[in-house]
1. Find the strands (runs of 3 or more DSSP E) located wholly in region 147-210 whose residues include 2 or more that are modelled with pLDDT of 95 or more and under 23 Å from N313 (Cα atoms), and list them.
2. Mind listing whichever residues of region 136-161 are buried (at least 22 other Cβ atoms within 10 Å of the Cβ), within 14 Å of F99 (Cα to Cα) and aliphatic (A, V, I, L, M)?
3. Yes or no: region 251-258 includes at least one residue that is farther than 27 Å from L167 by Cβ, without any contact (Cβ under 8 Å) to a residue 60 or more places away in the chain and of a type outside the set (V, I, T).
4. What are the residues in region 187-217 that are within 14 Å of the chain's Cα centre (by Cα) and acidic (D, E), if any?
5. Considering V168, V234, which residue is assigned by TED's automatic domain parsing to the domain that holds A147, in contact with a strand residue (DSSP E or B) (Cβ under 6 Å, 6 or more places away or on another chain), of a type in the set (V, I, T) and farther than 21 Å from V280 by Cβ?
6. Hey, does region 302-318 have a residue that's out of contact with any helix residue (DSSP H, G or I) (no Cβ under 8 Å at 6 or more places or on another chain), over 15 Å from L103 (Cβ atoms), surrounded by fewer than 21 Cβ atoms within 10 Å (Cβ to Cβ) and charged (D, E, K, R)?
7. Tally the residues that are in a loop (DSSP other than H, G, I, E, B) and among the hydrophobic types (A, V, I, L, M, F, W, C), restricting the search to region 266-314.
8. Restricting attention to region 214-228, report how many residues are more than 25 Å from A106 (Cβ to Cβ) and either crowded, with 22+ Cβ neighbours inside 10 Å or among the small types (G, A, S) (or both).
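The values are calculated or read from the model by the stated rules, or taken from the named source; none is laboratory data. Values in this document were obtained by computation on a predicted structure and should not be read as measured data. Positions of Cβ are generated from backbone atoms using ideal geometry, with glycine treated the same way; all protein chains shown enter the neighbour counts.
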Amino acid sequence: MRVQWALPPALNSWQRLREARVSVEVDRRWRWRSKLRRCFSLHRRPAGTLAARSPFSRSHRMRSLPLRRASCTAQWKAASGSVSSYKLLESYPHDPAAFTQGLVYAPEAFAVADSLTDAFFESTGLVHHSSLRCVDRCSGAVLRAVAVPPPHFAEGLAYLPLPRHRLVQLTWLSGCGFVYDASTLQRLHHFECDYEGWGATYDAHRDCLYVSDGTDCVRVLDPDTCAVRQVQRVRLPPHLREVYRERGVPSAIWHLNDLEWVPGADELWCNVFLSDFVVVVDPATWCAKRWIDLRGLLQPEHQLPNHPVDVLNGLAWDRQRHCMYATGKCWPRLYAIRETESCRGGT
């Protein structure tokens, strides 16, 4: 089957949208730091330094972006010997117009036209273009889709297995999320939340949802009511905290984005926004165990001419094949990968 893709007009401004999201995150982080200074009377830096400049000026926000990327790179470099790589197993077509925000591998074959097919559930973003889709694994064709109306910007997605058989979809800034029937994609109800929605996944062992908001925090939600049970902060294990402290790298792991719980190993894979790295977290202790370096995943031969691609986003675990699927915003391919023991650049 040959699938024809069409790019929506909104993607012509994909870079401005990305800058806007980064700006919101930087502004929020600066407000958080300002509160700490007021509460604990921290010493201010001399005039003319970065801290003394207005955090809300566009020029400052764009100058701070390389610093944030450098901080992420410094984090995994500081953890010598704790960075693993990946083995590329297969690749599949993916709609390059899909601004992927969440990805779930359907545990049961999806029924379409009296036949069964392996499929993904995918949440796509952008206002006026947000949707919930069921996508064929092999061809990338959209089997079924429902639009998420404006002003909502759809975000992470989690599947609640039988007997619930539900899909939970987050929104970025709307202060709400949606619950769907996984068979028909019919919207059943919505729930309210007082946090930004970024990534989501379901932990079958603990019967709970994990939700990220772009910080170092993961919220633990009740799967039936979507009420917050607790908020956990992802931290480094003690032996790595000392390494980070000596090298001047913060021990907090910020910008947690898409999430995927891996059964058996009982691990939480967290995609770090604006990077090609995944941090693996132990949900029993909420300490980071290691990093996975996914640089180079989007193969050069798979890139389309004159087509901008965005960051890595979208992780989905396949229980049968014991592999992880990964893609990105507006990526033309989706990849099946398996983690390897070899280290890449862990010095």
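1. 154-160, 166-171, 176-181, 200-203
2. Within region 136-161, V148, A154, L157 qualify.
3. Yes, some residue in region 251-258 is farther than 27 Å from L167 by Cβ, without any contact (Cβ under 8 Å) to a residue 60 or more places away in the chain and of a type outside the set (V, I, T).
4. E196, D213, D216
5. V168 is the lone residue from the list that is assigned by TED's automatic domain parsing to the domain that holds A147, in contact with a strand residue (DSSP E or B) (Cβ under 6 Å, 6 or more places away or on another chain), of a type in the set (V, I, T) and farther than 21 Å from V280 by Cβ.
6. Among the residues of region 302-318, not one is out of contact with any helix residue (DSSP H, G or I) (no Cβ under 8 Å at 6 or more places or on another chain), over 15 Å from L103 (Cβ atoms), surrounded by fewer than 21 Cβ atoms within 10 Å (Cβ to Cβ) and charged (D, E, K, R), which makes the answer no.
7. Adding up the residues that qualify gives 10.
8. Taking region 214-228 first, the residues more than 25 Å from A106 (Cβ to Cβ) are 214-217, 227-228.
From the residues that got through so far, the ones that are either crowded, with 22+ Cβ neighbours inside 10 Å or among the small types (G, A, S) (or both) too are 214, 227.
Adding up the residues that qualify gives 2.
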